[in-house]
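Here's the structure, in structure tokens; my notes come after.
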Amino acid sequence: MTHGDGMLPDALCFQSPEPLIDIGANLAHESFQKDLDAVLERAARANLTAMVLTGTDRASIEASVELTQRENPVALYATAGLHPHHAGDFDSSLKRFIEDFLDHPRVLAVGECGLDYHRDFSTPADQRRAFEAHLEMAARTQKPLFLHERDAGSDMLDMLRQWRDEIGPAVLHCFTGDRDTLYGYLDLDLYIGQTGWLCDERRGEHLRELVVDIPGNRLMIETDCPYLLPRNLPAKLKGRRHEPALLPWIAREIALCRGVSEAVIARDTTANARRFFNIPDPA
Ligand SMILES: [Zn+2]
């Protein structure tokens, strides 16, 4: 098969030397509706073997879980939770809705959930209340947690410390914070997700140093597509939509920062994702 789907220029048709897992892809996003099959084919060619689709509200949870049940060239799984932006919508009916999905065999984690004080789409009080409920669900089900935090590291650390003994494994997805916050998370034995944010020569500069400090057995990678298109791609992309097939570029950047090979990053992050989410090994 050629790369003639019309979306990715040849310079952006990467292939990882070892299998990769994208732990955060928003494939239920409307921008993927038209050409999802081509997106998944490209991801398979790039050597992605599994993806975890992020459920952030009722609609995206439902749509993501539906996608996991199709015949796909890449194994698809999902998470179920409420993004802190929508925390004002959290109530007992939404909690039951999430709990029902947590029983689904393709739903591997509680989240996306957490705290985001960068944008005030929901009040901090509403965010803490919704997040507390997600911590409680994670403790009860012992499913791993998929966490989001921006400009709220101190409150996030406080709440995680209170729940640390009750909850199981947790990943801070798309970590972009400072060194103290990173070490706080690592002290709580969290996994750390890295996106193409560190490909940004301006706002990602501090992360290029910090990514070296994440232990190899705690690092995972994700596109967070369609958001966070890497800024240093070797070719322009029409529409500027990020997609899973570009994950090898992020792995390569992380490898450069850490002074190891792409294969090492792929092997470590894939092993971590399989262990963390309990994703079965391919036959
Ligand atoms: Zn997020």
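By the rule of a C-alpha distance below 24 Å, with chain neighbours fewer than 8 residues away ignored, the lysines paired with Lys34 are Lys236, Lys238. Placing dummy labels 7 Å off each Cα toward the beta-carbon, the span from Arg129 to Asn278 is 3.2 nm.
Only Cα pairs under 8 Å and 6+ residues apart enter the sum, and on that basis the relative contact order of the chain stands at 21 percent. Output ³J(HN,Hα) for the stretch 229-241: one whole-Hz value per residue in order, computed from phi by the Karplus curve 6.51 cos²θ - 1.76 cosθ + 1.60 with θ = phi - 60°, and x for Gly and Pro. Each residue of the stretch 229-241 in turn: 4, x, 7, 10, 4, x, 8, 6, 10, 5, x, 6, 8 Hz. Comparing mean-square fluctuations of Leu210, Leu198, Leu147 from a GNM of the chain with C-alpha springs under 10 Å, the top value falls on Leu210.
If you average the C-alpha positions of the stretch 39-98 and of the stretch 215-233 separately, how far apart do those two centres end up, in angstrom? Between the Cα centre of the stretch 39-98 and that of the stretch 215-233, the gap is 17 Å. Between Ala263 and Phe97, the simple label model (points 7 Å from Cα in the Cβ direction) yields a spacing of 4.7 nm.
Based on the Cβ-Cβ distance of Asp187 and Arg231, what FRET efficiency does E = 1/(1 + (r/R0)^6) give at R0 = 30 Å, to the nearest 0.05?
Working: r = 31 Å, r/R0 = 1.03.
Efficiency, rounded to the nearest 0.05: 0.45.
Annotation for Asn217 and Leu256: the two label points, set 7 Å from Cα along the Cα-Cβ direction, are 3.0 nm apart. Per-residue Cβ neighbour counts within 10 Å put Arg42, Arg258, Arg164 in the sequence Arg164, Arg258, Arg42, beginning with the fewest.
When a footprinting reagent is the concern and you count Cβ atoms within 10 Å, what order do Cys113, Cys257, Cys199 take, fewest first?
On the way: Cys113 31, Cys257 17, Cys199 21.
Arranged by neighbour count, lowest to highest, Cys113, Cys257, Cys199 become Cys257, Cys199, Cys113.
For the listed peptides 265-271, 64-70, a ranking on the average number of other beta carbons within 10 Å per residue, highest first, reads 265-271, 64-70. The stretch 193-212 and the stretch 125-183 have Cα centres lying 21 Å from one another. Per-residue extension of 0.36 nm, minus the Cα-Cα distance of Asp89 and Glu30, leaves a gain of 19.1 nm for this segment.
Here r is the Cβ-Cβ distance between Asp180 and Arg240 and R0 is 35 Å; the resulting FRET efficiency, rounded to 0.05, is 0.60.
As a rough footprinting exposure proxy, the listed residues Met137, Met159, Met51, Met220 were ranked by other beta carbons within 10 Å of their own, and the order from fewest upward is Met159, Met137, Met220, Met51. Near the amide H of Tyr191, within less than 5 Å, lie the amide hydrogens of Ala170, Val171, Leu172, all on another chain or at least 5 residues away, with H placed in the peptide plane.
Here the Karplus curve 6.51 cos²θ - 1.76 cosθ + 1.60, taken at θ = phi - 60°, turns the phi angles of the stretch 160-171 into couplings of 5, 4, 5, 9, 3, 6, 8, 8, x, x, 9, 10 Hz, with x standing for Gly and Pro. Okay, which of the stretch 160-187 sit inside 19 Å, backbone N to the point 7 Å along the Cα-Cβ direction of Asp151? So the set is 173-182.
Throughout, read-outs are computed from the coordinates displayed, never taken from laboratory work. Keep in mind it's a predicted model, so treat the numbers as computed, not measured. Backbone-built Cβ (ideal geometry, glycine too); neighbour counts: all protein chains shown.
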